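Following: one structure in structure tokens, then a few remarks.
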């Protein structure tokens, strides 16, 4: 490893990580220039639009608490009077939904942690140390973001299969981690570039190693970047469908989307829509909690310029 | 060097190697099990005459052509609504973006229920408005299935366009609007002469990301219409999946996949060019 030197330090480039949440916004100003009527119109329109996006989820939650025979009937006044947890208890007892949720959680947490560790190391390496060809290597990592994993399912299947990583939750997490890395490395490199070089230099003068500097001195400064990386990796992994469909065929290893698909296709006779709805509600809970709680980190990632489509 | 090795190794092992391997497979008649031999470019020439593959390409293009406009317009309107940071705008923004976070797979299962004849919310609402019969089965017909999925995907994806445009709108210096106001510009004039020109790059990015997403569509079709009736609503990624893992024509399927990589690569290259451009400008400024 090349020793860090002042010459290798690239000045922090502001890559448009503007605070998206800031209050004063151009072109519109505050409430004043809208006027009372305009502001009322804005609130009404915004609320109606918001309902279009929220009501389907609220409706799904309500339906998941209806008995199956009502779920398969047209909505009516009865819907609110016979609420039950039968779909959830049925799912847990007959469909083993907790196992599938556990599989999803295991893969998503594994993907999040692995992506965070590897992307932080690489981001630190690319931001602080310049070695022969580092620019080219970084460009190659970034360019792989252009390659859609959906188009690599066949070679990946053969490769993972020969490595014993199909029908393997660790293999799935490795696959998810890889396709989250370019974005993670990009975010972490920018994070490190925005930290004043003097801070880690001072730590070095005090005798701290690169690893120690990273773990104790820089940690609070890079946590937002890590949160962004983990959040993207977790949500990607939790919601991913076609990769899991390809690489996992053994029933006991299904992730949640596969378990739901199995309820749609695999069941003999009628689809139990009550179960399906309850399963969908279970699948959306972590997404809502994480997004509402950590929204500012998510938006940081979006605004950083490179988005996974 | 040591620090970047794990990341580089994983990208090399699970992206770059499969990419090269894909080209190799596409030149063979690779079955799932058993031996294979080279067939040269015959998979590719066969693709060009395969009505099912051509249909999936045309269908994907049609789908993309239909949804791109509505996603952009709805996203732009929502960005206008939330960009000002007024009371309530964070709540609105969160609501508009929620479908994108929860993901198409989960939502497709929800939609499957609501698109059922007689019991679904779609029929309930639309039949009360007098638009359709209460027993309309959305997912088993080509036209109805495509219509439902396009509305559904607009609902899903416009939040992402909103976020990308909002970030651009908030980056426009306030002074420009103030100067326009001094010159007596109306709201429309400010939007047309200040916002739009300065937002060109963000608009291009949002459109590119949206188009790539549409080209890679899979979940909504696989879950809602199963590609049917027949294979009429089968997008390209689903053609690749079925050809490889249902028909076991791995070599042939991979030839289609390589073609997809090339197309997406060209579109993404435009995206990177735009991003590079914006970074250079900021560095210079």
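Within the stretch B:19-46, residues that are at positive phi sit with their Cβ atoms under 9 Å from residues that are outside any helix (DSSP H, G or I), at 6+ positions apart or across chains, in these pairs: B:40/B:27. Filtering the stretch B:20-41 to residues that are surrounded by fewer than 17 Cβ atoms within 10 Å (Cβ to Cβ) and closer than 19 Å to residue A:165 by Cα leaves B:32, B:33. If you check A:244, A:202, A:211 for being within 11 Å of another protein chain (Cβ to nearest Cβ) and over 30 Å from residue B:271 (Cβ atoms), only one passes: A:211. Report yes if some residue within the stretch A:168-179 is surrounded by fewer than 22 Cβ atoms within 10 Å (Cβ to Cβ) and farther than 19 Å from residue B:6 by Cα; otherwise report no. Scanning the stretch A:168-179, I find at least one residue that is surrounded by fewer than 22 Cβ atoms within 10 Å (Cβ to Cβ) and farther than 19 Å from residue B:6 by Cα, so the answer is yes. The sole residue among B:205, B:216, B:224 that is touching a helix residue (DSSP H, G or I) at 6+ places or on another chain (Cβ under 7 Å) and more than 16 Å from residue A:146 (Cα to Cα) is B:224.
For residue B:229, the criteria (1) part of a helix (DSSP H, G or I); (2) more than 9 Å from every other protein chain (Cβ to nearest Cβ) hold in every case but one, which is (1). Filtering the stretch B:199-217 to residues that are more than 30 Å from residue A:241 (Cβ to Cβ) and at pLDDT 90 or above leaves only B:199. Any residue in the stretch A:73-91 that is surrounded by fewer than 23 Cβ atoms within 10 Å (Cβ to Cβ), in contact (Cβ under 8 Å) with a residue 24 or more places away in the chain and within 14 Å of chain B (Cβ to nearest Cβ)? Looking through the stretch A:73-91, none of the residues is surrounded by fewer than 23 Cβ atoms within 10 Å (Cβ to Cβ), in contact (Cβ under 8 Å) with a residue 24 or more places away in the chain and within 14 Å of chain B (Cβ to nearest Cβ). Annotation note: Cβ proximity below 6 Å between a residue of the stretch A:181-206 that is over 16 Å from residue A:301 (Cβ atoms) and a residue that is outside any loop (DSSP other than H, G, I, E, B) (sequence gap 6+ or interchain) occurs for A:195/A:221; A:200/A:213; A:203/A:213; A:203/A:217. Scanning the stretch A:67-87 for residues that are out of contact with any helix residue (DSSP H, G or I) (no Cβ under 7 Å at 6 or more places or on another chain) and more than 17 Å from residue A:278 (Cα to Cα) gives A:76, A:77, A:81. Which ones in the stretch A:93-108 are assigned to a helix (DSSP H, G or I) and buried (at least 16 other Cβ atoms within 10 Å of the Cβ)? Within the stretch A:93-108, A:97, A:100, A:101, A:103, A:104, A:105, A:106, A:107, A:108 meet the criteria. If you filter the stretch B:105-161 down to residues that are surrounded by fewer than 19 Cβ atoms within 10 Å (Cβ to Cβ) and within 20 Å of residue A:51 (Cβ to Cβ), you find that the one that is nearest to the other protein chains (Cβ to nearest Cβ) is B:124. Tallying residues that are without any contact (Cβ under 8 Å) to a residue 12 or more places away in the chain and either in a helix (DSSP H, G or I) or facing another protein chain (nearest Cβ under 8 Å) (or both) within the stretch A:144-175 yields 11.
Yes/no per residue for (1) loosely packed, with under 14 Cβ neighbours inside 10 Å; (2) without any contact (Cβ under 8 Å) to a residue 60 or more places away in the chain:
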| position | (1), (2) |
| --- | --- |
| A:220 | yes, yes |
| A:225 | no, no |
| A:234 | no, no |
| A:240 | no, no |
| A:245 | no, yes |
| A:248 | no, no |
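Considering the stretch A:183-193 alone, what residues qualify as being more than 7 Å from chain B (Cβ to nearest Cβ) and in contact with a helix residue (DSSP H, G or I) (Cβ under 7 Å, 6 or more places away or on another chain)? Result: A:183, A:184, A:186, A:187, A:188, A:189, A:191, A:192, A:193.
On the stretch given as the stretch A:147-176, residues that are under 18 Å from the mean Cα position of the chain (by Cα) and closer than 23 Å to residue B:236 by Cβ total 5.
Only one of the numbered conditions (1) under 20 Å from residue B:80 (Cα atoms); (2) crowded, with 20+ Cβ neighbours inside 10 Å is not met by residue B:203, and that is (2). Within the stretch B:27-73, the set of residues being under 13 Å from the mean Cα position of the chain (by Cα) and more than 25 Å from residue B:230 (Cα to Cα) comprises B:68, B:69, B:70, B:71, B:72.
Just wondering, is there one or more residues in the stretch A:121-142 that are touching a residue at least 40 places away in the same chain (Cβ under 8 Å), under 18 Å from the mean Cα position of the chain (by Cα) and either facing another protein chain (nearest Cβ under 8 Å) or surrounded by 23 or more Cβ atoms within 10 Å (Cβ to Cβ) (or both)? Within the stretch A:121-142, not a single residue is touching a residue at least 40 places away in the same chain (Cβ under 8 Å), under 18 Å from the mean Cα position of the chain (by Cα) and either facing another protein chain (nearest Cβ under 8 Å) or surrounded by 23 or more Cβ atoms within 10 Å (Cβ to Cβ) (or both). All of (1) within 10 Å of chain A (Cβ to nearest Cβ); (2) buried (at least 21 other Cβ atoms within 10 Å of the Cβ); (3) in contact (Cβ under 8 Å) with a residue 40 or more places away in the chain hold for residue B:216 with one exception: (2).
The values are calculated or read from the model by the stated rules, or taken from the named source; none is laboratory data. Note that the structure is predicted; figures quoted are calculated from it, not measured. So basically every Cβ, Gly included, is an ideal-geometry build from the backbone, and we count neighbours across all protein chains shown.
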